1. One residue is enough: does segment 177-192 have a residue meeting the conditions part of a loop (DSSP other than H, G, I, E, B) and under 23 Å from Thr318 (Cβ atoms)?
2. Taking segment 318-363 as the region of interest, how many residues are open to solvent by less than 60 Å² (accessible area, probe 1.4 Å), over 20 Å from the mean Cα position of the chain (by Cα) and not aliphatic (A, V, I, L, M)?
3. Let me confirm something: among Leu109, Leu144, which residue is open to solvent by less than 30 Å² (accessible area, probe 1.4 Å), modelled with pLDDT under 85 and under 20 Å from Ile161 (Cα atoms)?
4. Out of the residues in segment 275-304 that are in contact with a helix residue (DSSP H, G or I) (Cβ under 6 Å, 6 or more places away or on another chain) and outside any helix (DSSP H, G or I), state the one that is modelled with the lowest pLDDT.
5. Name every residue in segment 322-344 that is closer than 18 Å to Trp388 by Cα and either without any contact (Cβ under 8 Å) to a residue 40 or more places away in the chain or out of contact with any Leu (no Cβ under 7 Å at 6 or more places or on another chain) (or both), in order of residue number.
6. Pairs, please: C-beta under 6 Å, at least 6 apart or cross-chain, first residue within 14 Å of Gly193 (Cα to Cα) and in segment 153-174, second of a type in the set (Asp, Glu) and open to solvent by 10 Å² or more (accessible area, probe 1.4 Å)?
Amino acid sequence: MLRSLYRRQLEADLPRWVEAGWIAPEGAAQIRRDLGADGEGRFRLPLLLAGIGAICIALALVAFVAANWEAIPRPVKLAGIAALLVAAHGAAALFAARGWRAVADIATLFAVLVFVAGLSLVGQMYHLPVDWQAGSLIVVVGALAAAWLCASRGAALVATIAAMIWLFWRDDTLHLATPDGLLALILLAATAGHVLRHSSLAGRLAVLAQALATYAAFVIGEMDRMDMSRDAEVVSAVLLGLAALAGAFAVWGLVAHRLLRGGADGVAALADTGLRTAPLLLALGCVIGLFLGLDSYDFLGNRVDARVLLLWPVTVVTLLAAAGAALAITRGVWDGAFTAVLVASALSFALPLMVVWFPGQVVWIAVIALTGAVAISVAGSAAHRTSWSVFGNLAIAAVLLMLLEHTVGSLIGQSVFFLLAGLALIVVALVSGYILRKRSGKTEAAS
């Protein structure tokens, strides 16, 4: 459930619980303080509007300078950039000293935007050669410095976006045993470390996107090194990589939820965001895999290099997911939610194998895709995660619509598919019912 909706429901329920005597007024106040329900989010909209306003002002200044480029002397341009940087950081320091952390963050964000615009203006003034790769890296370094020195979430967000731009503006593919490969990992560690220390939803989503981009860049680099560039191999790597990464996000998100309650807030929040992101990746894998399998593209019939299963980024992430599952078992926190998540991940991992290596098996491809989508939804019910149920249901709807359009070949093919799909759905329903009954029995016994 979304946190804002949960708070709203909580505010509706707490007075009734207090009146019924189920909890004391002091307990209700403590619950509100624990969740920040008594005003933490009250000023988010004004602060968001102020942040957008800071971006608009920075753009207005750049447009003004560009419109009067010839009329403004070069020394005035340089002095203006320096003065804006000093003034913005000075204002941020003043606001921070008074305890206005959010306003200080906006001032730091404005300073970073001035720094980014200043790079472009200085390059134009001195006719420097265009180098987007180096420019984006300078932005990353400057924004990271501001983020860490000023504890600015906005500056960290700019650094994360610039790091992703740097990844894909590079001329060469990314390899681990190179300076750029090590630098990509260092940048990811720096932005992730900041998010762990100064957590925000936008920052966590941006860091997860950066992790996905870095992961994809390493996969592309490893395929280039192994000379695997045919379409079938690319499809295999993309779908296998999505399933492996989603499994790692999901397993470690559940592990953190079970083991870090009341513990490291930044780690738990980042893991929880990864857990919420995982079903989107799994659902995309199911839908894309079925789309390719139903259309039976010619390139899927090509012989696939078996080394695609040994791409080290995919292998490392898969082992990471397995390590999370082993930790859950050894710490005694394994439950039906882990089982459902692993089933969904395994089916998403099996789908590209069927799609690429057995392209003619349309019925089985359809069954695996539908069962995988159902497993995502079941995982949402087992783990009490609305995002999983939503993406699972959307994937089920997309799969069914695609099957209706393509009709799975002949009438015999349709009958076989719906027979297997019906059996799979019944098995999933029975397993889900068993898990829910078992959990209900434990709850009643505990009460």
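1. yes
2. Residues that pass the stated criteria total 4.
3. On inspection, the qualifying residue turns out to be Leu109.
4. Per the stated criteria, the residue is Asn302.
5. Asp335, Gly336, Thr339, Ala340, Leu342, Val343
6. From segment 153-174, the pairs are Arg153/Asp105.
Condition check ((1) open to solvent by less than 30 Å² (accessible area, probe 1.4 Å); (2) within 21 Å of the chain's Cα centre (by Cα)) across all residues:
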| position | (1), (2) |
| --- | --- |
| Ser136 | yes, no |
| Cys150 | no, no |
| Ala155 | yes, yes |
| Leu187 | yes, yes |
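The values are calculated or read from the model by the stated rules, or taken from the named source; none is laboratory data. Predicted model, so just to flag it, every value in this text is computed and none were measured. Cβ: placed from backbone, ideal geometry, glycine included. Neighbour counts: every protein chain shown. All accessible areas refer to the heavy atoms of the entire protein, side chains included, with ligands and DNA or RNA removed. Shrake-Rupley method; radii C 1.70, N 1.55, O 1.52, S 1.80 Å.
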